[in-house]
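Please find one structure pasted underneath; my questions will follow.
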Amino acid sequence: MSNSTPSQAAPKQFNYGGQAVIEGVMMRGSRALAVAVRDPHGNIVVHTEPLNAKIYGNRVARMPFVRGLTMLWDALGLGIKSLMFSAEVAIEEEDASPGDGKEASKVFEGPMQWGTVLFSLTFAILLFFVFPTFVARLAVNLLHISQYHILENLIEGLVRLGLLVGYIWGIAFMPDIKRLYRYHGAEHKTINAYEAGVELTPASVARFPLEHPRCGTAFLLTVVVISILIYSFLPPMGLALRMVSRIVLLPVIAGVAYEFLRYSAAHQDNAFIRLITKPNLALQHLTTAEPDESMLAVAITAFERMMVYEQGQETVPDTAVLVEAPAGGVVT
């Protein structure tokens, strides 16, 4: 078993992250990505692949405010691809032999992958940005308070926040999403343990909190709050122009939100920062749940496999391999 700690790892300034997938976890570094998924046989199948150096090594892409957009766009593509891989592994027929060294499916690469990203983004923008704008305008007209621009912005912000929280809360009642949230908790615990410098074992990782300040849930809430502030500075305008302004300013809002999360995550020792980020951590109670040891083993496997390539010990293969994981431990 290999144990990754900050003292052994690649430069610590990189913010390692990941996401939960179906019956597994994806972990992303600066050079490599690893997705570990528990198959129907109870084994762990790991897919690894190198990351796009133009995204993670380009000087322009690392500029403040710009880096948030490039990382978000790439993360969406990697996230959807990882979900597709996990779905293939999780629904594998019981009598099928697990993929040992085979390439991951290429079906969702290229146009299919980015088409899915564009569809997802379009749906999210329409639901969380255009629709609240329409509802707010309808509300102020019905209440005959359209002259109060600030109230319209406030209603719009509250509708947007309500949609976000309601969506996260509502899908949690689905059994598959409940398991996804447990793997999300395993991902957070693993990264928290790594950043604390402890040995990565299921028993040690289990002691760490479910919340993490750089979580995607925190990013979404930060986008909503910052959007309320930025949109408040806009002058009154017609409904169509108002909707367009929400879309046009979204990259600016996302860039500011990303920089805020980076800064707040690096300054959790500051009492004021901890105070203003409490809502971000609180919302994560809806998107995470306590994982069991088998889930932690999957998250640790993904992280340690990713770290092997981060340290430059091996060339990153674009393959899926089978990993036998004994109870309570991880083989890498």
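Which one of 128, 134, 123 is in contact (Cβ under 8 Å) with a residue 24 or more places away in the chain, part of a helix (DSSP H, G or I) and closer than 26 Å to residue 285 by Cβ? Break it down into steps so the answer makes sense when it comes.
Details: 134 fails: closer than 26 Å to residue 285 by Cβ; 123 fails: in contact (Cβ under 8 Å) with a residue 24 or more places away in the chain.
Unique residue meeting the criteria: 128.
Which of the residues belonging to the stretch 262-275 are under 16 Å from residue 212 (Cβ atoms) and assigned to a helix (DSSP H, G or I)? Full working, then the answer.
Restricting attention to the stretch 262-275, the residues satisfying the condition of being under 16 Å from residue 212 (Cβ atoms) are 262-269, 273-274.
Matches in the stretch 262-275: 262, 263, 264, 265, 266, 273, 274.
Count, please, the residues in the stretch 27-44 that happen to be assigned to a loop (DSSP other than H, G, I, E, B) and over 15 Å from the mean Cα position of the chain (by Cα).
Within the stretch 27-44, the first condition is being assigned to a loop (DSSP other than H, G, I, E, B), and the residues that meet it are 29-31, 39-43.
Adding the requirement that they be over 15 Å from the mean Cα position of the chain (by Cα) leaves 30-31, 39-43.
Going through the stretch 27-44 one residue at a time, the tally reaches 7.
Take the conditions in a loop (DSSP other than H, G, I, E, B), surrounded by 22 or more Cβ atoms within 10 Å (Cβ to Cβ) and either charged (D, E, K, R) or modelled with pLDDT of 90 or more (or both) and apply them to residue 234. Does it pass? It would help to see each step written out before you state the result.
Working: in a loop (DSSP other than H, G, I, E, B): yes; surrounded by 22 or more Cβ atoms within 10 Å (Cβ to Cβ): no; either charged (D, E, K, R) or modelled with pLDDT of 90 or more (or both): yes.
It is false that residue 234 is in a loop (DSSP other than H, G, I, E, B), surrounded by 22 or more Cβ atoms within 10 Å (Cβ to Cβ) and either charged (D, E, K, R) or modelled with pLDDT of 90 or more (or both).
Mind checking which residues of the stretch 190-224 are of a type in the set (Gly, Ala, Ser), touching a Gly at 6+ places or on another chain (Cβ under 9 Å) and under 30 Å from residue 162 (Cβ atoms)? Please lay out each step first, then the result.
First, the residues of the stretch 190-224 that are of a type in the set (Gly, Ala, Ser): 193, 196-197, 203-204, 206, 216, 218.
Retained after the next criterion (residues that are touching a Gly at 6+ places or on another chain (Cβ under 9 Å)): 203, 216.
Once the filter is applied, which keeps residues that are of a type in the set (Gly, Ala, Ser), touching a Gly at 6+ places or on another chain (Cβ under 9 Å) and under 30 Å from residue 162 (Cβ atoms), the stretch 190-224 yields only 216.
For the stretch 141-223, which fully contained helices (runs of 4 or more DSSP H) count at least 2 residues that are of a type in the set (Lys, Arg)? Break it down into steps so the answer makes sense when it comes.
On the way: elements: 149-171, 175-196, 202-205.
Where helices (runs of 4 or more DSSP H) fall fully within the stretch 141-223 and carry at least 2 residues being of a type in the set (Lys, Arg), they are 175-196.
Pick from the stretch 45-69 the residues that are assigned to a helix (DSSP H, G or I) and charged (D, E, K, R): which of them is modelled with the highest pLDDT?
Looking only at the stretch 45-69, we keep the residues that are assigned to a helix (DSSP H, G or I), and these are 53-56, 60-62, 66-69.
Remaining after also requiring charged (D, E, K, R): 54, 62, 67.
Details: 54: 69, 62: 74, 67: 78.
By that ranking, first place goes to 67.
Here is a further query. Within the set of pairs 6 or more residues apart or between chains, which connect a residue that is touching a residue at least 60 places away in the same chain (Cβ under 8 Å) and among the acidic types (Asp, Glu) inside the stretch 196-214 to a residue that is buried (at least 22 other Cβ atoms within 10 Å of the Cβ) and in a loop (DSSP other than H, G, I, E, B) with Cβ atoms less than 8 Å apart?
Correct list of pairs: 211/288.
Can you go through 228, 276, 253 and tell me which one is surrounded by fewer than 20 Cβ atoms within 10 Å (Cβ to Cβ) and either closer than 25 Å to residue 170 by Cα or in contact (Cβ under 8 Å) with a residue 24 or more places away in the chain (or both)? If you could, list the steps in order and put the result at the bottom.
Numbers: 276 fails: either closer than 25 Å to residue 170 by Cα or in contact (Cβ under 8 Å) with a residue 24 or more places away in the chain (or both); 253 fails: surrounded by fewer than 20 Cβ atoms within 10 Å (Cβ to Cβ).
Going through 228, 276, 253 in turn, the sole match is 228.
Cβ-Cβ below 6 Å, separation at least six or inter-chain, first residue in the stretch 62-74 and closer than 18 Å to residue 121 by Cβ, second of a type in the set (Phe, Trp, Tyr) and modelled with pLDDT of 80 or more: which pairs?
So the pair list comes out as 68/258.
Among the residues of the stretch 136-157, count how many are closer than 24 Å to residue 253 by Cα, surrounded by fewer than 16 Cβ atoms within 10 Å (Cβ to Cβ) and modelled with pLDDT of 90 or more.
2
The values are calculated or read from the model by the stated rules, or taken from the named source; none is laboratory data. Values in this document were obtained by computation on a predicted structure and should not be read as measured data. Glycine also receives a Cβ, built like all others from the backbone with ideal geometry; neighbour counts cover every protein chain displayed.
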